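Quick notes on the structure that follows.
The values are calculated or read from the model by the stated rules, or taken from the named source; none is laboratory data. What you are looking at is a predicted structure, and each value in this text was computed from that prediction instead of being measured. Glycine also receives a Cβ, built like all others from the backbone with ideal geometry; neighbour counts cover every protein chain displayed. For accessibility, only protein heavy atoms count, side chains too; no ligands or nucleic acids. Shrake-Rupley method; radii C 1.70, N 1.55, O 1.52, S 1.80 Å.
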Amino acid sequence: MRVSKRFPLAVHSLLFVAVLSPKKRVTSTLVAESTGSNAVTVRNLFLELSDSGLLIATAGKNGGVHLAKDPKDITLWDIYQAVETPDVDEIFKMYEGSGDCPVGKNFYQILYPHIASAVNAMKTDLEQVTLETLKEELHSLLKENKDIPLANKIF
């Protein structure tokens, strides 16, 4: 199965923007500090999120990013599709088996429907969660953990 940090990084970045951008100018450097990533990696991710209509980025000295849509209108599936492929063959790196073996010859067509069903279930679950949901969950968590210094500055 294909494993990438791009999706969690994109979710983290958009959540960071959703929480801070109304109050503070958000830059790739600021998001990189929050995610522990390189600012160039974050900028490249911003380009993909912008191309997908989820983020608006302004370059330059006074530039920054903000959401292109309301957080309640951005689902985790939207974010996933912006930075990853929903193609079953890519997620699970499917292959065609050997034509000489009865198992290998039929392996793909037997396994594929089950894998496709799992990907569809993932899609269905990710479509149910919005950026607004995560923002509310973060807010609740920060209210419970008042010892987090930045929490008072964010909310």
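Of GLY104, GLY36, GLY53, the residue with the greatest mean-square motion in the GNM of the chain, using alpha carbon springs below 10 Å, is GLY104. Close Lys pairs in the chain (alpha-carbon distance under 13 Å; sequence gap of 8 or more, or different chains): 5.
Which value in nm describes the separation of the simple spin-label points at ILE115 and LYS93, placed 7 Å from the Cα toward the beta carbon? The two pseudo-label positions are separated by 1.1 nm.
Surface exposure of the range 69-150, expressed per residue as accessible area with a 1.4 Å probe, stands at 65 Å². Comparing mean-square fluctuations of SER52, SER28, SER98 from a GNM of the chain with C-alpha springs under 10 Å, the top value falls on SER98. Among GLU84, GLU33, GLU127, the largest mean-square fluctuation in a Gaussian network model of the chain, built with springs joining Cα atoms closer than 10 Å, belongs to GLU33. With all protein chains in place and a 1.4 Å probe, the accessible surface of the chain carries 54 percent carbon and sulfur. Between the residues PRO86, ALA32, PHE107, the greatest Cα displacement towards the positive end of the dipole of the chain, with unit charges on the Cβ of Lys, Arg, Asp and Glu, is found for ALA32.
Karplus-derived 3J(HN,Hα) values for the range 103-111, using 6.51 cos²θ - 1.76 cosθ + 1.60 with θ = phi - 60°, are 6, x, 5, 10, 4, 4, 5, 7, 7 Hz; glycine and proline are entered as x.
How large is the helix-only mean residue ellipticity at 222 nm for the chain, computed as the sum of -39500 (n - 2.57) over DSSP H runs with n ≥ 4, divided by its residue count, in deg cm²/dmol to the nearest 500?
-18000 deg cm²/dmol, from helical runs alone.
Enumerate the amide H contacts of VAL129 below 5 Å, restricted to partners 5 or more residues apart or on another chain; note that Pro and chain-start residues carry no placed amide H. For VAL129, whose amide H was placed from the backbone, the distant partners under 5 Å are LEU76, TRP77.
Any idea what the relative contact order of the range 1-127 is, in percent, if you count C-alpha pairs under 8 Å spaced at least 6 apart? All intermediate terms of the calculation are to be shown ahead of the outcome.
On the way: 129 pairs, mean separation 30.7, N = 127.
Reported as a whole number, the value is 24 percent.
Under the classification rounded if a/c is under 1.5, otherwise prolate if a/b is larger than b/c and oblate if not, where does the chain fall, given a ≥ b ≥ c as square roots of the Cα gyration tensor eigenvalues? The shape class here is prolate. Extension gain for GLU132-SER52 works out to 27.0 nm (0.36 nm per residue, less the C-alpha to C-alpha distance).
Computed about its Cα centre, the charge dipole of the chain is approximately 760 debye, with only Lys, Arg, Asp and Glu carrying charge at their Cβ.
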